[in-house]
Structures are given as C-alpha cells and as structure tokens.
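Contents: one structure, followed by commentary.
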Amino acid sequence: MTTTKTTIKVPKPTAWPLVAAFGLTLTFAGFLTSYLVGIIGGILSVIGFIGWFKDRFPNNLEITVEVEAHHIPAPVHSTKSTHEEHPHHRAILPLKIHRTQSGLIGGIAGGIAMLIVSVIGSFIMHGSPWYPFNVMSASVMHSITEQNLTNFNAIAFVVALGIHATLSIGIGLVYGVVLPLLPKHPIILGALIIPFIWSFLLYATMNTLNPVLNETVNWSWFLVTQFVFGFVAGIVVSKSEKIQTLQFKAFAERAGIETGKND
Amino acid sequence: MNTSTSNTSLNMLPPGHLGMISVIVTEVFFFASLIVVYLAYLGKSISGPMPSDTLELGLVSFNTIALLASSATIVLALKALRTGNNVRFLTWLLCTIALGAWFLIGTGIEWKGLIVDDHLRLQTNLFGTTFYTLVGFHAFHVTFGVFALFVIWCLGLKGCIKQKHHQNIEYVSWYWHFVDTVWIAVFLVVYVIGR
Amino acid sequence: MTREAYNPLSSKFHDWVVTVDHKKLGVMYIVTGILYLIVAGSEALMMRWQLAIPNNDILSPDTFNAFFTMHGTTMIFLVGMPILLGAANYFIPLMIGARDMAFPRLNAFGFWLFFFGALLLYFSFLGGQGLSGEEGAPNVGWFAYAPLTSTTFSPGSATDYWVISLFVAGLGSIMTAINLVTTILTMRCDGMTLMKMPLFAWMMLVDAALILIVLPPLAVIQIMLLLDRQFGAHFFDAQAGADPLIWQHLFWFFGHPEVYILIIPGFAYISEVIPVFSRKVLFGYPLMVAATVSIGFISLGVWAHHMFAVGLSPAVLAYFSGATFLVGVPTGMKIFNWIATMWGGHIRFATPMLFATGFVSMFVLGGLTGIMLAVVPMDWQLSDTYFVVGHFHWVLFGGLLFAIFSGFFYWFPKVTGRLLNETLGKWQFWFLFVGFLVTFGPMHMAGFEGMPRRIYTFMPGRGLELWNMLSSIGAAIQVVGFILFVINVFWSLRKGKIAGDDPWDAWTLEWSTTSPPPPWNFAETPQIASRRPLWDLKHPDDPDWKYE
Ligand code: HEM
Ligand SMILES: [Cu+2]
C-alpha cells in the first residue's frame, strides 16, 4: 500500500442545474395551473441558467480533493475458471459436433427405417401399403380425398417420397449438430425428446391447419413411427465420430477461401 | 492502475465536439418530425386560405439571404478571434447578430401580413396550424441563437472573451450553421414544394 | 467519507441535492425508479384485484382507466428509464476508467428534469381536476391515441399533465443521453479502444443514440397535442382534414425503439453477469457489438407493427411484418452468444446469475410471442387483446425486470459496500419467477379467448374466469417476492456481509476500486490492455491481452 497523496480537481457542487430544472418544470406547469406559476417558473429558470453559466464562465468553478491512494487488489489466483482447461482459447464453445456426412447418413437410415415400419403398419391396419404415402401427399395435393387413400397413385407416391426424403435428411443434418447438446444421453434426445416435441407441435396445430387431414391420422401410430426414425437416426449419428467445430479457425479458413495449417 | 505492458494512447475528440454533435442530431430529428407532419398535411386543409393564396416569395427571399449571409459572417468572426483580433471579432459578430435580427424582424412582418391581411392564424385551418408551428419553432431557435450571440458580444465588449474561448464560440457557431441549414429545408418545403 | 458520517442529516441531504457526482446522481435515479416501481406495482395490484372475478366493483371504470394509464406510463418513463439511466450514470465512468461524466452539471440538470417531471405526473392526481371536474389522473392509455385525447373526449387537464410531465422528463433523458454518448466516446482511459470497452458501454452507447433519435419525435407530437388542446390548433382534428393516424405513426416511431431503449440495458447487465458467473470469456464479443448496433438500426424501421389493425395497405403491411421478423436475427445471435458463454463454464448460481438465466429463458419466449404478433393475420386476431399484454410483460418483466434485479444483486456490493443476502435473494427469485409465470402466462390464453385489454371488468361464462383468477393469484405471489426484496435491501444495508473490492472475482474496472468507490473513482487513472483488465491484473502470468 502506497501513501502518496495527490490532488485532483472536480467540479464544485452546485444547485443551479436543480433550480433551472425546477424553473423549467414550473414554466410548463403554467399551462396547467395559472400563468403566475409559469412566470415564477420562467424567472427561476433564468436565474438557474445564469447561475450555472457563472459556474462555468469566466472560470470553471472547481474544488480540489485529496486523493487517497488505493491499494490495488493483490494479484490473486481466482476461483475456478475455464482458462485452465482451454488455455489457448479464451472465448470458446467447448463442444464437438458430428460430421455433416454422419447427419446425412443418419437421416437416410432413419428415413428408411420409418418407411419400412409405416408400410408394414399400413398393411396391417388398412390392408394396403399406400396409405401413408397418400396421407403425406394430401398435405399439398388436393386431388387426394378420404376415399382413395388406399389406392396407388403414382404422383402421390413420388411427392410423398420426396417430402419424406427431404424431411428425413434435413432432420438428420440437424441431429449432427444438436445431439451433442445432451452429451451423456444423445439417444434419449434424438429418439424420444425431439420426435415427441415435433409430434406434439404437429398434433396441436393440425386440427386448426387442416382438420380434414387431421381426421385421417392415427396419432399414436404416428408417434411410434417418429420414434423409430428418431431411434435409428439417433443411433447412427451419435455413434459416429465427433470433430472440433471451426471456431478456432480464422474467418477466411472457415469460409473455405483459404486452407489452414494442418492440425 | 496499470495492467498493460504496451501503452496505447488513444486519440479522442474533445467532449464538446461530441456533446454538440449529439445536440444537433437530436435537433435534426426534432425538425424532421415537424417537417414530416407539414408534408403529410400539405393540401389537406378543408377551408382556405391556402399556401398559394398567402405565401409570397419576395420578403422571405430577403430573409433567407440574410440568414445565409450570417453563416458566413460568423465564420469570419471566428477567424478573427483565433488570430486574436478582438475588434474584428466583435464587428463580425455584431453583423451576424444584425442579420439574425433582420431575419426575425422579417419573419415578424411576414406573419403580421398573414394574420392581419390574410386572416391566417394557428386556429384557422391545417395550413395555419402546421405553418406557424414549423416556422415558429425555427424562429424560436433563431431567437435563441441571436440571444446567445448577443450575450457573447456583450461579454466580448467587457473584454471577457479571449482567444482561448474560440473552441466554445465555435460550438455556438455550429449551432448557428445548423439553424441555417434547417431554414434551407424549411424554405424548400414551405415555400418551394408547398406552394 | 468518515467526515460525512458525523454530519447532521440536513447537511447530508444538502450534499445530495447539490451534487454533480455521477455516482450520487446514479443512486438518486435508481432509488427514485424503485420508489415509482412500488407505486406502479400497487396500481397494477389494484387492477388485478378488480379483474380477479367477473363483474367486480373494487375500482370504478374511470379509476381503472386512470390506473392502467398511470401504471404503463410510470413503468416505462419513471421506472425503466431512470433505472437504466441511473445504472449507466453510475457504472459507465467506472467501467471506462473515467473520473466522472463528460458534463457533470448537465448530468444533474437531466436528473432534476426527470425528477420534477415525474412529480408533475403524479401531482395530476390532485391537480388534474379540470373545469369540468373530471377524474384527476391521465386516463388515455400510455400511448394516448388521438382523437381520444382531444378536448371533446378528454376534458379537464389530466391529458395536459400527461403531455407536459413526460415532455419535461423526456428533456431530461435527452440531456443524459447526450452526456452518455459523449462520455463513452471521449473519456475512455488509456488503452481502452472501442473494441476493448465492456459490452455494457457499447450497449449503453447504442441506447443513448436511440434516445437522441426517437425522443424528439415524441416531444414534437406532445407539443402538437398541447397546441391542439390549449391553443385551438388542428393537428389531430379530423374535422379540419387532419389524420389522427399521424399520432400513431410518430408515437410508435418513438414507441417501438423505446421498448428497445428499455431492453438493451437489460442485455447490458446480462452480458456483464453471465461471463463472470460462468467463469468464461463472453462468447462472440464482436458479434455482440454488431448485433446491438443492428438492433438499434432495425428497431427504427418497424414501428407500424403496432398498427397492423388500423388499415394499412398490403405493401406496407408486408414491409413492416418482414422488418419485424428481421429483428429476431440479431436478437437470436445474442441469445446464442449468452448460451455459448455459459456452455461448459463453471456456473455459479448466485442470485445475479439466477436472474440472468431467468432473463435469457423468459426473453426468448417473449420474443417468440412478439414474432407471433408480427404475423399480420395473427395480429389482426390478437391485437388489443390480453395476448399483447402477455407478450410485453413477458419481455418487460421476465426480460427487463429480471435483468435489473440481476444487475442490482451484482452491483449492490459495489455501490454500498455490502452484499445482499443470498438466501433472501433466491427466495425472491423463485417467488417472482413463479408469480410471473402464473400472472402473465394465463393472459395469453385470455387473449386467445378474445379478452380485450383495458376493460375494467368482464362477463361470466365466456371462458375468462379461470385465466383472470390465475393472473390475480400470480400477482399475489409476486408481492411476496417484492416484499422479500425490500426487506433484503434494508437488512443488507445494515447487516449485509462486507463485500470488499471484488466480491464476485470479476474482470471489469469498476471492481478495481473500493466499495463504495471514492468520489474520485480511481486514485490513478487506469491503463488497460484487454477487455478484462482485472483478469490481467490477477493473472500476470497468463494475461488476456495476448489473446485479443
Ligand atoms: C423479437 C422481438 C419482438 C417482436 C417481433 C415484437 C413484436 C410486437 C408486436 C407485433 C407488437 C404489437 C402487438 C399489437 O399491439 O397488436 C408488440 C407490442 C409490444 N411489444 Fe413487442 N416485440 C418484440 C420484442 C419486444 C421487446 C424486447 C419489448 C420490450 C422490452 C417489447 C415490448 C412491447 C410492448 C410494450 C408492446 C405493446 C405496446 C402497446 O400496445 O401498449 N417487445 N410487439
Ligand atoms: Cu414494437
């Protein structure tokens, strides 16, 4: 602790800004009460501003205060910090994710598994493999009606397959990034939690969005197929190798403009 | 306290600059709002008198020239102050004040004509409402500026204004230029577009 | 300071009244804000009491109107604004290593304008009785739509009180904003380049800039309304050809950025608290700066999402809907950055961090209901229902107020030298959190059921009883939380644990001086080399500046 005494100058405490503010408020309050209040306010604010001006001119009124030197906090070693674990990276997200390919493969695998299960289920419940295809395409095709849901319809088949493939691959890719969020139980996240959330959202909104379509969906069976997707995609993705995110790379490298040093 | 090994000295503007710029930014949005309302209500008056019947370019052009000229004189005044030529400083400052006062008096004459001859008041119609508000707030700013310049001039006469004050006077001049610029906008909106 | 202790009370009072010290002014701002928080909270409580059951008659319709107007106006202008300006006043100079604000006297002027403006607003309860003997306080809603505010529909001077008091207080906010911009841009200590400022300073810079831009339009329409009411002008007089929608456009040009002016300081507190309590560097500092600046810009161009129901053209609707969605992008970036900061950190769930995490989670939900309202057809259904009330309380209570409490618990030891009680703090958090959910969650449902906002009572048998009852019960739960807070403050001021300079092991400059800081802030003006100067000081072997 040092005991050097230094002095600094600070502005002298003053009531003039207060007087000016009070005066100004009264001036405006004159509109509300009586012109007398306004006049008093006007006078007060003029006095306030003059006083304030005199604080600044010709000289800036200041007072000198003595500064007691303050001991600077001793260099302590602080409580636990993540610096020890990642000494070279200060602002990091300590997280590894799966490769893009794993998401892709997981999505495809989950999609195929779901397809098989749905078709089998359709055979058992409706005596025809085409039911799920028709229901799915009905969300965009108006020619599908409740009567022809079990018939084969080539366009519907292609459309449904397209939608199914897109969704499966899309969700698979998301799984590649999202599953590491629950590092110890990625399968629970992928097979149960996430399918449940989207099934629930769909279930809750379908009745409003498309009540007719809603009638044709067997929701508990729907949930089963979603779990099948989630389970297969979840296993495929979470069993694959995890890699560092690009957060330690320079921007040019991330954007693929430059290739960095190999590490 | 010093936690650095290398010392990066920063080059920052003086506080007055930023303070004055902030004031002007606020004022810009103040006048912008008034002008937007003026434009939104152009030609919306249900009853006369209309701008085309009442506004004339003659007098107001003189006023405009006076105000624009005052922006030049205040620059000259500042230049004189910086070189320490007090007499010139005060003379040019007085010119600026006179030009500002001319503008105000001119506006007064114009308003008197509008009120007495054309029977256009704040309450008459939308045109009156928006016109007096917009031009009035500008004139109020000019009045404030003239008053500030007058105070400086009086202090200058007493010999209180020194070379070292040039920075502060420059801030006042920024305000003055700003008020001028606003007038150009108001002039264009009210007398050119709005007529 | 030891000298002060012997001074009689009156001279202490004198010290505060004539002060130009940013810390004293900051404290006065915050204390005033908290007092008005209690006042406006009581008004809300009365309204919830009235609305607990159908056909209730605790409050008369007129009083109810005055109460929701005063509640909203007070919360925004006399609670949110002073607390955020006060906190900025207190901490900006400390964080950037300055001895005071750039213009100390202007600072005092700004505070007193706010103070007297606020008094004037509340004086309306006594003085607002116009010639017609109408109810005293303003009763036209916090956004005071024309033509309801014309003398025909609002005789008496209550509305003039609303105009004038907010005009005066707004003038004060502008003064302080000028001061903040200037201080942040010109008073930083050696080494503190713009990109080495604490995020708090960055966010308050954007905030102050927004104040400078949007308060003048508010002042302009207030002046116009005053001219209409007092001098017979016709700005909002449809019979003279005027368009009352002009009021709405200009009001929301102010009003929407205003809600961002309120929430950005919340972001600021959270951005200081989360890294310290996660023991990690803030993730994505440059991105945070960029996001804040772009939020500032975007928020200037979305105002008409408050006006979807007034009959705008399809193109205008599409633009404002799209622009509003756009706000979600930078806001989302911030949310992810806060989460990434917590991710893998050694999180300490002290009270500031509890409130901070409460903020992050609730703010996300509030933002989502906002996005729902930005969908035009959805808004047509929900505008002016309790759903909107639910939305903005989610962001202002679950967002701003939680952030304020987070900051309050975090910085209280710096300001007073004593820590707040942690146990009480945690109880307070849980009461507030549960009370908040129970109060404002059901409002969304009531809104879906079609309950309009601003009605003093409702009929039984329309599916509204349950939701309203729940909201009122929630309000009662919150009261416990607020009482715990007040007790905590008074108890801790006397008996709280002595804090020391740096109780949280934090990294920004305010923690390098004593608690409370001396009038001169720093014995020597600091010199810094990284965004976390105290880290460098504590870890000379492994300083931060090597990595920035
Ligand atoms: C992504 C972010 C947000 C979006 C998309 C959004 C959208 C909206 C929309 C469309 C409305 C108008 C509803 C109506 O009246 O029909 C609204 C109202 C409102 N919002 Fe937000 N909002 C967002 C965030 C916020 C934040 C952060 C705040 C405050 C901190 C806020 C405060 C308010 C308030 C106070 C109102 C109601 C104003 C009134 O009518 O009294 N909002 N919001
Ligand atoms: Cu908005």
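The values are calculated or read from the model by the stated rules, or taken from the named source; none is laboratory data. All values derive from a computational prediction rather than experimental measurement. Note that we place each Cβ from the backbone using ideal geometry, even for glycine, and neighbour counts take in every protein chain shown. Accessible surface areas use protein heavy atoms only, side chains included; no ligands, DNA or RNA. Shrake-Rupley method; radii C 1.70, N 1.55, O 1.52, S 1.80 Å.
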Could you tell me whether C:M378 is within 11 Å of ligand 1 (Cβ to nearest atom), surrounded by fewer than 21 Cβ atoms within 10 Å (Cβ to Cβ) and at pLDDT below 95?
yes
For the stretch B:123-132, check the following and say yes or no: at least one residue is among the hydrophobic types (A, V, I, L, M, F, W, C) and surrounded by fewer than 20 Cβ atoms within 10 Å (Cβ to Cβ).
no
Just the residues that are open to solvent by less than 10 Å² (accessible area, probe 1.4 Å) and over 16 Å from C:V259 (Cα atoms), please, taken from the stretch C:199-215.
C:L199, C:F200, C:A201
Flag if B:L59 is buried (at least 18 other Cβ atoms within 10 Å of the Cβ), away from chain C (no Cβ under 14 Å) and in a helix (DSSP H, G or I)
no
Being open to solvent by less than 30 Å² (accessible area, probe 1.4 Å), out of contact with any Lys or Arg (no Cβ under 8 Å at 6 or more places or on another chain), in a helix (DSSP H, G or I) and facing chain B (nearest Cβ under 10 Å): is that true of C:L166 here?
no
Just wondering, is there one or more residues in the stretch A:9-22 that are surrounded by fewer than 16 Cβ atoms within 10 Å (Cβ to Cβ) and more than 25 Å from B:I152 (Cβ to Cβ)?
yes
Could you tell me which residue of the stretch C:303-313 is least open to solvent (accessible area, probe 1.4 Å), considering only residues that are within 23 Å of C:T385 (Cβ to Cβ) and more than 9 Å from ligand 1 (Cβ to nearest atom)?
C:A304
Kindly indicate the residue of the stretch C:386-433 that is within 16 Å of ligand 2 (Cβ to nearest atom) and of a type outside the set (A, V, I, L, M, F, W, C) and also nearest to C:A506 (Cα to Cα) among those meeting that condition.
C:G399
Only one of these is within 14 Å of chain C (Cβ to nearest Cβ) and over 17 Å from the mean Cα position of the chain (by Cα): B:S45, B:S52, B:S33, B:S22. Name it.
B:S45
Taking the residues in the stretch C:270-288 that are open to solvent by less than 10 Å² (accessible area, probe 1.4 Å) and away from chain A (no Cβ under 13 Å) as candidates, determine which candidate is nearest to ligand 1 (Cβ to nearest atom).
C:I270
If you take the residues in the stretch C:436-472 that are among the aromatic types (F, W, Y) and more than 14 Å from chain A (Cβ to nearest Cβ), which one is nearest to ligand 2 (Cβ to nearest atom)?
C:F440
Conditions first: (1) more than 9 Å from the chain's Cα centre (by Cα); (2) within 14 Å of chain A (Cβ to nearest Cβ). B:F144 passes all but one, so which condition is the exception?
(1)
Looking at C:F363, C:F336 in this structure, which one is open to solvent by 20 Å² or more (accessible area, probe 1.4 Å) and away from ligand 2 (no atom under 14 Å from the Cβ)?
C:F336
Consider only pairs whose beta carbons are under 7 Å apart and that are at least six residues apart or on different chains; among these, list those whose first residue lies in the stretch A:133-159 and is in contact (Cβ under 8 Å) with a residue 40 or more places away in the chain and whose second residue is part of a helix (DSSP H, G or I) and open to solvent by less than 80 Å² (accessible area, probe 1.4 Å).
A:V135/A:T216; A:A138/A:L213; A:S139/A:L213; A:E146/A:T216; A:L149/A:Y131; A:L149/A:N134; A:L149/A:V135; A:L149/A:T216
Single residue of C:S321, C:S299 found to be closer than 30 Å to C:W162 by Cβ and within 14 Å of ligand 2 (Cβ to nearest atom)
C:S299
For the subset of the stretch C:243-262 comprising residues that are away from ligand 2 (no atom under 11 Å from the Cβ), open to solvent by 10 Å² or more (accessible area, probe 1.4 Å) and assigned to a helix (DSSP H, G or I), which member is farthest from the other protein chains (Cβ to nearest Cβ)?
C:Q248
